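Written out below as structure tokens is the structure these notes cover.
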Amino acid sequence: SSYPSSSPISGVFVGVGQYGKEVRSIDNGTSWDNETCQILTDLDGVAFGNNTFVAVGQSGKIVRSTDNGTSFSTVTPVDNTNLDGVAFGNNTFVAVGDSGKIVRSTDNGSTFSAVTSGISTALYGATFGNNTFVAVGSYGKIVRSTDNGSSWDNSTSGILSTLNGVTFGNNTFVAVGDSGKILRSTDNGSSWDNSTSTITTHLKGVTFSE
């Protein structure tokens, strides 16, 4: 998604990480500026939607920016459970984390509330596509929601390896994880097939480009 910036190139890149660090680029990643945040807690995921950046991290920390990533403000956390990933879709932010924690916001990240995931193991990644949220995590666990993150169903991955990342493209969800595991779903996350990666090292993230 693009929106006005102070650069001739429309759009902003935002990165988040240790000690609440946030960096921002308005020139297609050529140069980066440090942005202001009032927390020292590690941030592990960031998403964008409705002109809002939302970042989540350790101890349940959530921050948001409505000025193209120039400044971030803290959001009242749901609790102190670590949050590892966040996604946006259908005017909803969904964040996932330890112990099967899922929190969601329908007011552009101003407030978050907890929803039931149905599992108690960690969730590390989340994505949105075809009106479906999908989250992946420990022991090959996959959960999905078709009602904007209000309720979640277990999906069968067929593996016990940790899944670290998930993305959507061309009507296909793809998840990656430890020991080179790759899974794909062509039925909106209801069922998953093993794909062959030919490697045994851990895969941490995945994305899709049109």
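The values are calculated or read from the model by the stated rules, or taken from the named source; none is laboratory data. It should be emphasised that the depicted structure is a prediction, and the values quoted were computed from it without experimental measurement. Glycine also receives a Cβ, built like all others from the backbone with ideal geometry; neighbour counts cover every protein chain displayed. Ligands, DNA and RNA are excluded from the accessible area calculation, which covers all protein heavy atoms including side chains. Shrake-Rupley method; radii C 1.70, N 1.55, O 1.52, S 1.80 Å.
Observations
- For the chain, the carbon plus sulfur part of the accessible surface works out to 44%, probe radius 1.4 Å.
- Part-to-part distance (alpha-carbon centres) for segment 86-147 and segment 193-207, which is given in Å: 22
- Whole-Å distance, taken between Cα centres, linking segment 160-179 and segment 21-67: 24
- About the Cα centre, charge dipole magnitude for segment 58-210 (Lys/Arg +1, Asp/Glu -1 at Cβ), debye: 200
- Computed from backbone phi, the HN-Hα couplings of segment 166-180 come to 8, 8, 9, x, 6, 6, 9, 8, 10, 10, 10, x, 5, 6, x Hz, rounded to whole numbers (Karplus: 6.51 cos²θ - 1.76 cosθ + 1.60, θ = phi - 60°; Gly and Pro given as x).
- The phi torsions of segment 129-140, fed into the Karplus equation with coefficients 6.51, -1.76 and 1.60 and a -60° offset, translate into couplings of x, 6, 6, 10, 8, 10, 10, 10, x, 4, 6, x Hz, rounded to whole numbers, with Gly and Pro shown as x.
- Probe 1.4 Å, accessible area per residue of segment 104-190, Å²: 39
- FRET E, pair Ser113, Asn154, Förster distance 25 Å, beta-carbon r, rounded to 0.05: 0.75
- Spread over its residues, the convex hull of the C-alpha atoms of segment 66-210 is 118 Å³ per residue.
- Asp193-Thr76 pseudo-label distance in nm [points 7 Å out on the Cα-to-Cβ vector]: 4.8
- Residues of segment 30-51 with amide N under 15 Å of a point placed 7 Å along Cα→Cβ from Tyr19: 34-43
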